[in-house]
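What follows is a set of notes on a single structure, which appears directly below.
The values are calculated or read from the model by the stated rules, or taken from the named source; none is laboratory data. What you are looking at is a predicted structure, and each value in this text was computed from that prediction instead of being measured. Every residue, glycine among them, receives a Cβ derived from its backbone with ideal geometry; neighbour counts consider all protein chains shown. Calculation scope for accessible area: heavy atoms of the full protein, side chains included, ligands and nucleic acids excluded. Shrake-Rupley method; radii C 1.70, N 1.55, O 1.52, S 1.80 Å.
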Amino acid sequence: MRNFLLLHGIYCHFSWLFKNIFSNDIKVVKCLFVSISDTSTITKFQLQSADIVFLLDGSDEMQESERLILDFVREFVNQLEIGPSKVQVALIQYSAEPTADFRLNTYSLKENVMSHLSNVKLKGGFTLNTGVALDYVKNNVLTTSSGSRAQQGVPQILIILRGRKSEDDVLGPVDRLRKAGIALFSVGVNNTDTLEMEQLAHSLRAEYLIKENSSMARDIVFLIDGSDDVRSKFSAIREFVAKMVDSFDLDQGKDKVAVVQYSNNAELSFNLNTYNTRDDALKHVTSLKPKGGRPQYIGAALQFVRDNVFVSTAGGRHHEGAKQILVVLAGGRSRDSPRGPASMLKAAGVVTFAVGSRMSNSAEMQVISSDPNYTYSIPDFVNLPRIQQSLMSHLTQMGVEEETEQGKNLDYFNNLDKHLWLKMF
């Protein structure tokens, strides 16, 4: 689980700083910065227009924090209004030398940006030349040919996420960026060099730290339609489940995953205690084939999951305090009623998300899901990528909320100067 509450705090602080740095160009939506134990308010800001470049330390030392870094970027971009006349974003990685994943004018739709971000991997490399990367951004990315709108008065913003101290000079490049009117925000990752963070930031109020934190364990079960009716679309379901599983923390034992297919009966693909590594689980998921059969009995399938999958003998950890989550993908109407089994799952503390295609019954999806916001309707399973980021955000935020409800320490302010936050008010 990632530091999403801190991330929302950073959003809020960014909006506050943007207002002071680019006061004529920023529209700030009213932002309530809540206490650390209250996650009910989601912070958002809107930029009328801005060119934002993310510069990522992609060196070998950052590989263990890859998910933390990329989750940060994805969640940040997900808050923005992307478009040629709105916000444009670019992604650059660096170690010894910088490379561009995409430039400001590469994508004009948020959907395309998010799709690219979902497939990004850190480039690797031993040497870290932050100064070279900063000059590269100024001379090759925040330029008219790469989509910069600086000549039109659009704010130019650089957000750098980095770990260890640079092996080259950063003061000269930072000075050149500032003279060019580019606002620089420094986000340190884990055990970063705090002095260099101060040197990189636009001001003392523009430096942040994100760290891995302990999180609630999750048992996540996918109940997927494997009937004859979805056979031609099953590859889209399989790919969606694989991308979700790829984002889970199976290797450290925080997350466990299971897959069940259903049609006229339910069939276990693998249990919560079958795999202990992400690679092993992904190998099975990518080899899934539809079980076949018809019609669909969703009620019986829900009952099967409750009685056979979320139980301790199959790897369920409810008795250990793990959050138990069910994701249902339905391609058609159910021949039986899902109401009773769905109610029993809710009573057992299982949180259910329901994803239905145009052939499914929307009322059934509402009955199955634990909350109206946990119901998704898509025209076809090939459209599953549209909801992936939203579903991931729900899963993550839900875990954070659960921890605060239990009074656990959310250590989002590790090694971060508290005055940076107090100055927000």
> Of Ser95, Ser118, Ser65, which residue is open to solvent by less than 20 Å² (accessible area, probe 1.4 Å) and in contact (Cβ under 8 Å) with a residue 40 or more places away in the chain?
Replying inline: Ser65
> Which residues, counting only those in segment 76-109, are among the hydrophobic types (A, V, I, L, M, F, W, C) and more than 16 Å from Thr144 (Cβ to Cβ)?
Replying inline: Phe76, Val77, Leu80, Ile82, Val87, Val89, Leu91, Ile92, Ala96, Phe102, Leu109
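For segment 307-425, which fully contained helices (runs of 4 or more DSSP H) count at least 3 residues that are modelled with pLDDT of 90 or more? Break it down stepwise before answering.
Numbers: elements: 339-347, 362-368, 385-405, 419-422.
Helices (runs of 4 or more DSSP H) meeting the threshold: 339-347, 362-368.
Are any residues in segment 121-140 surrounded by 15 or more Cβ atoms within 10 Å (Cβ to Cβ) and either part of a helix (DSSP H, G or I) or basic (Lys, Arg) (or both), and if so, which ones? Lay out the reasoning, then the answer.
So the first thing to find is which residues in segment 121-140 are surrounded by 15 or more Cβ atoms within 10 Å (Cβ to Cβ), and the list is 122-123, 125, 128-138.
Within segment 121-140, Lys123, Thr130, Gly131, Val132, Ala133, Leu134, Asp135, Tyr136, Val137, Lys138 qualify.
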>> The conditions are (1) open to solvent by 60 Å² or more (accessible area, probe 1.4 Å); (2) more than 18 Å from Asp57 (Cα to Cα); (3) in a loop (DSSP other than H, G, I, E, B), and Asn112 fails exactly one of them. Which is it?
In response: (3)
> Quick check: anything in segment 270-289 crowded, with 17+ Cβ neighbours inside 10 Å, part of a strand (DSSP E or B) and either of a type in the set (Ser, Thr, Tyr) or at pLDDT below 95 (or both)?
Replying inline: no
>> Which of the numbered conditions does Gln303 fail, given that it passes all the others? Conditions: (1) in contact with a Pro (Cβ under 9 Å, 6 or more places away or on another chain); (2) open to solvent by 30 Å² or more (accessible area, probe 1.4 Å); (3) assigned to a loop (DSSP other than H, G, I, E, B).
In response: (3)
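Yes/no matrix, rows are residues, columns are (1) in contact with a helix residue (DSSP H, G or I) (Cβ under 7 Å, 6 or more places away or on another chain); (2) open to solvent by 10 Å² or more (accessible area, probe 1.4 Å); (3) at positive phi:
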| residue | (1), (2), (3) |
| --- | --- |
| Gly292 | yes, no, yes |
| Tyr297 | no, yes, no |
| His319 | yes, yes, no |
| Leu329 | yes, no, no |
> Can you name the condition, by its number, that Asp229 falls short on among (1) at pLDDT 95 or above; (2) assigned to a helix (DSSP H, G or I)?
Replying inline: (1)
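From the list Val305, Val350, which residue is in contact (Cβ under 8 Å) with a residue 40 or more places away in the chain and in contact with a Phe, Trp or Tyr (Cβ under 7 Å, 6 or more places away or on another chain)? Working first, answer last.
On the way: Val305 fails: in contact with a Phe, Trp or Tyr (Cβ under 7 Å, 6 or more places away or on another chain).
Every option except Val350 fails the conditions.
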